[in-house]
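Participant: Starting off with a structure, shown below.
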Amino acid sequence: MKDMDMGSGHDHQDMSNMNMSHMDMDMGDGHMMHMGNLKRKFWVSLILTIPVVLLSPIMGMVLPFQWNFPGSDWLVAVLGTVLFFYGGAPFFSGAKAELQMKRPAMMTLITMGVGVAYIYSIYAVIANNLFHVTPTVNNFFWELSTLIVIMLLGHWIEMNTVMNAGSAVEALGKLLPQSAHVVDDQGNTTDVQLSDLQVGQTVAIRAGEQVPADALILDGSSDINESLVTGESKAIRKTAGDQVIGGSVNGTGTITAKVTGTGDSGYLAQVMALIKDAQKSKSRSENLADRVAGWLFYAAFFTGILSFIIWMTVANLAVALPVAVAVFVIACPHALGLAVPLVVSRSTALAAQNGLLIRNRTAMEQVKQIKFALMDKTGTLTMGEFKVNHLVSFDAQRSEEDILSLMASLEKGSSHPLATGILTAAKGKDLTFAAATDTRQETGMGQFGNVAGTTYGVVSVNYLDQHQLAYDHEQFTKFAAEGNSISYLVAGDAVLGLVGQGDQIKPAAATLVASLKKQGITPVMLTGDNQETATKVAASVGIDDVQARLLPEDKERIVQQYQKDGKVLFIGDGVNDAPSLARADIGIAIGSGTDVAIESADIILVSSDPADVIQFLDLARATHRKMTENLWWGAGYNLVAIPLAAGVLAPIGFLLNPMAGAVVMSLSTIIVAINAMTLKIKTVA
């Protein structure tokens, strides 16, 4: 994108409100579960589990609160069957997806445990009640039902506290208007639905409207606000022969343009494709719990098969089968199922209290490996709002406040970014000013009007050059090099004063950069703005690596380049940041940014304060530490219980006591719950 100094053209920018949905959740390798379905399945399964727990022994042992009656085994079998097929359905679907990808994880481990438990338990009920075998065969309906309920609860907790992946593509589509003004060969204008718009048609784009599609300007000129699309903080002057991008916002001029791209050929469609590709690639990453569950699956599977073969050799089927089944069932991750969701729940609650919204917990687990922090400039490191930095009077008869008051009179009622900055500064100084009369705009030159009988103008340097008005070139260069947009006040041939406005750096930006460096993370600025402004801002906050004048595809390509050397964190707020947010290992969106950026990110900073990134990094490390500790508690039980259930110590006369196994299982679940609740977040001073 070409960079131009912002003149006095006016534009309108409509920022959509944040719209975050959290009704669906990825249940492993792309399998989606709906929030309402999961909640219903949990409560139904819990109700069915209560009689199973009261009527079914645990690991072959009858507890004091349990009892049975004639036919109770059949009742338990019926309830267990409903639980298995109804409550277990989400896990079966997830396991199928994992196995299709040849990457067994949590869903496969659960499916193996409940599948073996169900089949063997049905066999036990039939053998005990129809064939009256002796000794009686123990069933595992207690383990089956409690595992399904606990796992449903764990996923419900996680879904209830972590937002879903969202739809950045849908949010991106909202940037386009619903219809377009098509002009035929006779000059007649007809409104058509955007879906019916064709390449080659001529469209009229009126002042303040969104550009309906990529197009080439045929007639007219205007200042086009492309910040939602490109991140460029200045309005871009567009005239006949220039290209405009669908989704950008037209300024005060009316233009006619020839459509050059719609649908898949449009610029926004290409950005959508980048986001889809990035999110698809990112979804392949496994979280820590799935990796642990995958290891446990292989451990339980091969241990069970091996124990069956060994016991068949040294004993018989009556001994080998129960031992193998016990190995498969005891691997059921009761504590493991709650280990991570409880930490996520606690972490997400703490984050929300501190202005952080966590939408992808897998991102939290990657913080320790982050080597690069790539970030946008406008709206991320800067406020995204113009503020008066310089106010100079060249007229001995007028003070700086007089200059500002006259400018405010001319700009009163305008929504142009520079006009807003002038009006804000005037109000901040409690200056009184009335709206000018007979106002007019000279496109690309400035705003003119009459104040107290004199015609004044707020103009750009282009106006001074064109009319050969004298001004201090050295002063202009100095202020512009600081990243300021310069506006002059003129009356006839007299240059009365100037205002220099710039986008203000956020107070915590430098602190963030310093903190990143201290943690061994290299900060990099990627921006669509001009090189001079980008370099100035980067130097102010301590960033050495700066790349400017970038389009969305450029940023996303650079993210991929850095990923070759390590994991990448990206911070941004605009549509031009969306592909990068989706592509990066961790994407952090500024809460005041666009819906598209927010829906593409893993973490959202509600207050838009860069200091919150520091809090996130600290919380993420603490969360990862708690997850690891809980996974050791959850998996540690299995690592000990699986070989004992297989009879590894049978030669010395030691077999796993069922009651001991049940106690340890319960204790591990309690421990992971308590450990999760001890998670805390540090407050950034």
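Participant: Any of Lys412/Lys478; Lys377/Lys429; Lys478/Lys536; Lys387/Lys429; Lys377/Lys555 with alpha carbons more than 23 Å apart? Name them for me. Display every interim value, and only then the final one.
Facilitator: Values: Lys412/Lys478 28 Å; Lys377/Lys429 29 Å; Lys478/Lys536 12 Å; Lys387/Lys429 13 Å; Lys377/Lys555 12 Å.
Beyond 23 Å: Lys412/Lys478; Lys377/Lys429.
Participant: Also: Compute the normalised compactness of segment 330-425: alpha-carbon radius of gyration over 2.2 N^0.38 Å, N being the residue count. Walk me through the numbers on the way to the answer.
Facilitator: Numbers: Rg = 25.9 Å, N = 96, 2.2 N^0.38 = 12.5 Å.
Here the Cα radius of gyration is 2.08 times the empirical estimate.
Participant: When the chain is fully extended, how far beyond the present Cα-Cα distance does Asp430 get from Tyr123, taking 0.36 nm per residue of separation? Mind showing how you got there, number by number?
Facilitator: Numbers: separation 307, 0.36 × 307 = 110.52 nm, distance 8.61 nm.
Separation in residues times 0.36 nm, less the Cα-Cα distance, equals 101.9 nm.
Participant: OK, next. For a Förster distance of 51 Å, can you work out the FRET efficiency between the beta-carbons of Glu400 and Thr678, rounded to the nearest 0.05? Could the numbers behind the result be given before it?
Facilitator: Numbers: r = 58 Å, r/R0 = 1.13.
Working from the Cβ atoms, E equals 0.30.
Participant: Here is a follow-up. What's the whole-number percent of alpha carbon pairs in segment 35-94 lying beyond 17 angstrom? Spell out each step's value before the answer.
Facilitator: Numbers: 792 of 1770 pairs.
The share of Cα pairs beyond 17 Å in segment 35-94 comes to 45 percent.
Participant: Gln504 versus Tyr86, label points 7 Å from Cα toward the beta carbon: distance in nm?
Facilitator: 6.0
Participant: With no solvent and one point per C-alpha, what does the Debye sum give as log10 I(q)/I(0) for segment 424-516 at q = 0.11, 0.23 Å⁻¹?
Facilitator: -0.44, -1.26
Participant: Say the cut-off is 28 Å between C-alpha atoms; which of Lys96/Lys368; Lys517/Lys626; Lys41/Lys567 go over it? Could the numbers behind the result be given before it?
Facilitator: On the way: Lys96/Lys368 31 Å; Lys517/Lys626 25 Å; Lys41/Lys567 38 Å.
Among Lys96/Lys368; Lys517/Lys626; Lys41/Lys567, the Cα-Cα distance tops 28 Å for Lys96/Lys368; Lys41/Lys567.
Just so you know, all these numbers are worked out from the coordinates, no wet-lab data involved. Owing to the predicted nature of the structure, the values given are computational and were not obtained by experimental measurement. No Cβ is skipped: glycine too gets one built from the backbone with ideal geometry, and neighbour counts run over all protein chains shown.
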